[in-house]
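The values are calculated or read from the model by the stated rules, or taken from the named source; none is laboratory data. Owing to the predicted nature of the structure, the values given are computational and were not obtained by experimental measurement. Reconstructed Cβ throughout: ideal geometry from the backbone, glycine too, with neighbour counts over all protein chains shown. Heavy atoms of the whole protein, side chains included, go into the accessibility calculation; ligands, DNA and RNA do not. Shrake-Rupley method; radii C 1.70, N 1.55, O 1.52, S 1.80 Å.
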Amino acid sequence: MAKRVKAKVTKQAQELPGAFELFKPSWQAIKLNAITFIELIVVPFMVSLIGLIFDHSRTVVGSRIAFQAIGDIVGLLLGPAVVVTQLASVRGKQIDFWPAVRKGLHFFWRYVLLGICMVVVIGIGFVLLIVPGFFMLRRYILAPYYLIDQDLKVLDAMKKSAEQSKQFSMAVWGLLGVELLFVALTFVLVGVVLTLMYYCAPALRYYQIKAAAKRA
């Protein structure tokens, strides 16, 4: 019986779209809420930019550090809103900046704690033997989507992400491979463009795995 269930899950994992096949639906999802994505990315950047302007003009001493810190805090506050917007976009739903922010703030402290846990676990894996770090990355890369979409606690989101990413490991490895490839290409313009086009791919993969797991 266990063998039949495992074979069924493996077959479903193989039937999931390839990592490169996520390009088109990811780009369509981004275009649906392009303004919201731009606002979520630009707001923290603009705060940091103000600090650079003040620092260059020497209007306010130490302003660069202060505004950079504020920009980082704003970026952290908007982090859950980005995930909320990704999830809404791949479902074909439009969402504006403030509704995304308000919904994201509901998950803020859990999102921060989850981020800390992921950094610690994945970081330890890379520090020890490097290879375990990649396996930890595969286990938990989709954890933020579980946390926000299913309104889970931090450890429950990590556990569910680990369980389902193991069942559909090849699909997650494919996603990671493409994303790491684009990170390596970010020094050229084409890498930046491809990264932006692929921005909703993790949310798409999350929903694909969630649906496939229900059918298992």
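Observations, loosely collected:
- Residue check for Leu185: touching a Gly at 6+ places or on another chain (Cβ under 9 Å), modelled with pLDDT under 95 and over 18 Å from Glu15 (Cα atoms): yes
For every residue, the table says whether it meets (1) open to solvent by 60 Å² or more (accessible area, probe 1.4 Å); (2) assigned to a helix (DSSP H, G or I); (3) in contact with a Pro (Cβ under 7 Å, 6 or more places away or on another chain); (4) modelled with pLDDT under 65.
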| site | (1), (2), (3), (4) |
| --- | --- |
| Phe45 | yes, yes, no, no |
| Gly51 | no, yes, no, yes |
| Asp55 | no, yes, no, yes |
| Thr59 | yes, no, no, yes |
| Val74 | no, yes, yes, no |
| Leu77 | yes, yes, no, no |
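- Of the helices (runs of 4 or more DSSP H) lying entirely inside the stretch 119-168, those carrying at least 1 residues that are open to solvent by 50 Å² or more (accessible area, probe 1.4 Å) and over 17 Å from Gln208 (Cβ atoms) are 131-140, 154-167.
- The sole residue among Val183, Val178 that is touching a helix residue (DSSP H, G or I) at 6+ places or on another chain (Cβ under 9 Å), open to solvent by 60 Å² or more (accessible area, probe 1.4 Å) and closer than 14 Å to Ile141 by Cβ is Val183.
- Picking from residues in the stretch 82-115 that are of a type in the set (Phe, Trp, Tyr) and in contact (Cβ under 8 Å) with a residue 12 or more places away in the chain, the one that is surrounded by the most Cβ atoms within 10 Å (Cβ to Cβ) is Tyr111.
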